[in-house]
Amino acid sequence: TYADIDKADQIVLLGFEPEDESPIVFLRIYKQFRKRALKVTTVASFTSRGSEKLNATVIKTVAGGEVAAINSISGLTPKTVILIGERLAECTGALSAAVELANKSLAKVGYVPRRAGDTGAISAGALPNLLPGGRLISDAAARVDVAAAWGVQSLPSEAGLPINEIVGSATDAVLVGGVDPFDFSADAKLMLSKKFVVSLEIRESDITDIAQVILPVAAVVEKSGSFMDWQGKVRQFDAAVESLNRSDLRILSMLADQMGNSINLPTVTSARKEIAALGNWDGAKGVMKSVAPATTLSTNADEAILSSWRNLLDKGSLQEGEDNLAGTARPTTAVISKSRADQLSVKTGELIRVSNSYGAITLPCTIADIDDQGIWLPRNSINSQLIKVLGSVGNSVVKVGKA
């Protein structure tokens, strides 16, 4: 929690760049750094602007080498806070290493997703193996609990499909709400275009381009609801402006009624009551299975291992049309080492070309303290949309040359 950060003797950042991926958390850490020189350690590709501000100890690693970097961390105590970002899951075995580090040191652990609604979605059961309140779908008692609340005789015991399997399955129709296909797969839009797509959206998007049915939904300011932050704390809000648009909850409830499988949630109030009645599960919890790290990639002289994260201001959907805000974004550059710059005969600001069999990106370069084997690009910025152009966001080999 924020209170734990305020009392921590050290902050360890794993797969998490707080200045870009959660500025409020960054400011809380920065406050304690300014106040009492709070020690910060981060596992990252290079010393970012945020790491410089925090005077962080940077354990530099190429993408895919995070497990060894985490295993090298020592000196943690029960007052240490380990903050894990969603990107850590992109390295096989890194989450297992983080859990082992926390168990060994008794340090506190916090998961800080980039999106505001992710923690609430997990709590609501929006993972293939979960029911609301963190209940395991494989737990018979948990299924009975939820079935009683939902007024049905039983629930299936099989886990659902993760998003890539939904998109790649033989499913004929999908309902999509607020999802950008290029957030997770270069081929998702093409595969979804072969299905019957119903889109719940507030603006034109890559999904509305291929949807057979588009149902406009109310934006956040036009409806009431709640957000759950990374600490698990819920903050409710009311509609700020009047609108004729229906909320996504109301539309989902109407669709369920038309399908003959009512969910009985016509209003936000009814949804809040159901969530409160279910509460958090105090029964069996999921046990994390330890995963061994993958073999580190090897490269030739003209190749590098790609790493990335999203800048705070980038080409995110909610920033569309905000030209003045976009004008304050940092320049889009590729980060390379001094050794690679000398090899390519380029100076800071000169163009380099990053490519693979999928596509190519050309950007000005920035020379920094990144590993000679690595290269960093913004994940979704102007002229640098990695999934759409390269089909990868990291831990993959790309060719690097002078443009």
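The values are calculated or read from the model by the stated rules, or taken from the named source; none is laboratory data. What you see is a predicted model, and the numbers here were worked out from it, not measured in a lab. Because the Cβ atoms are built from the backbone with ideal geometry, glycine has one as well, and the counts that use them run over all protein chains shown.
Structure above, values below:
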{"quantity": "Matching residues, the stretch 59-80, being more than 21 Å from residue 397 (Cα to Cα) and buried (at least 23 other Cβ atoms within 10 Å of the Cβ)", "calculated": "70, 80"}
{"quantity": "Residue in the stretch 350-365 that is more than 20 Å from residue 19 (Cα to Cα), in contact with a Pro (Cβ under 8 Å, 6 or more places away or on another chain) and in a loop (DSSP other than H, G, I, E, B) present", "calculated": "yes"}
{"quantity": "Search result, residues across the stretch 102-118 that are touching a strand residue (DSSP E or B) at 6+ places or on another chain (Cβ under 7 Å) and at pLDDT 95 or above", "calculated": "102, 107, 108, 109, 110, 111, 112"}
{"quantity": "Residue match in the stretch 45-59 (condition: touching a Cys at 6+ places or on another chain (Cβ under 9 Å) and closer than 23 Å to residue 375 by Cα)", "calculated": "no"}
{"quantity": "Enumeration of residues in the stretch 138-153 that are touching a residue at least 12 places away in the same chain (Cβ under 8 Å), in a loop (DSSP other than H, G, I, E, B) and farther than 21 Å from residue 288 by Cβ", "calculated": "151"}
{"quantity": "Criterion (among the polar types (S, T, N, Q), closer than 24 Å to residue 52 by Cα and surrounded by fewer than 16 Cβ atoms within 10 Å (Cβ to Cβ)) met by exactly one of 333, 366, 362, 348", "calculated": "348"}
{"quantity": "Neighbours by Cβ (under 7 Å, 6+ apart or cross-chain): first from the stretch 224-247, under 28 Å from residue 86 (Cα atoms); second assigned to a loop (DSSP other than H, G, I, E, B) and of a type in the set (S, T, N, Q)", "calculated": "231/1; 237/224"}
{"quantity": "Checklist (1) crowded, with 21+ Cβ neighbours inside 10 Å; (2) touching a helix residue (DSSP H, G or I) at 6+ places or on another chain (Cβ under 7 Å); (3) not aromatic (Phe, Trp, Tyr) applied to residue 326, failing item", "calculated": "(1)"}
{"quantity": "All positions within the stretch 84-137 that are of a type in the set (A, V, I, L, M), assigned to a loop (DSSP other than H, G, I, E, B) and more than 26 Å from residue 379 (Cβ to Cβ)", "calculated": "106, 107, 137"}
{"quantity": "From the options 392, 357, 384, residue that is in contact with a strand residue (DSSP E or B) (Cβ under 6 Å, 6 or more places away or on another chain), of a type in the set (Ser, Thr, Tyr), assigned by TED's automatic domain parsing to the domain that holds residue 344 and closer than 17 Å to residue 185 by Cα", "calculated": "384"}
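Matching residues to (1) buried (at least 17 other Cβ atoms within 10 Å of the Cβ); (2) of a type outside the set (Asp, Glu); (3) within 23 Å of residue 275 (Cα to Cα):
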{"site": "153", "(1), (2), (3)": "no, yes, yes"}
{"site": "164", "(1), (2), (3)": "no, yes, no"}
{"site": "169", "(1), (2), (3)": "no, yes, no"}
{"site": "181", "(1), (2), (3)": "yes, yes, no"}
{"site": "188", "(1), (2), (3)": "yes, yes, no"}
{"site": "192", "(1), (2), (3)": "yes, yes, no"}
{"site": "196", "(1), (2), (3)": "no, yes, no"}
{"site": "213", "(1), (2), (3)": "no, yes, no"}
{"site": "222", "(1), (2), (3)": "yes, no, yes"}
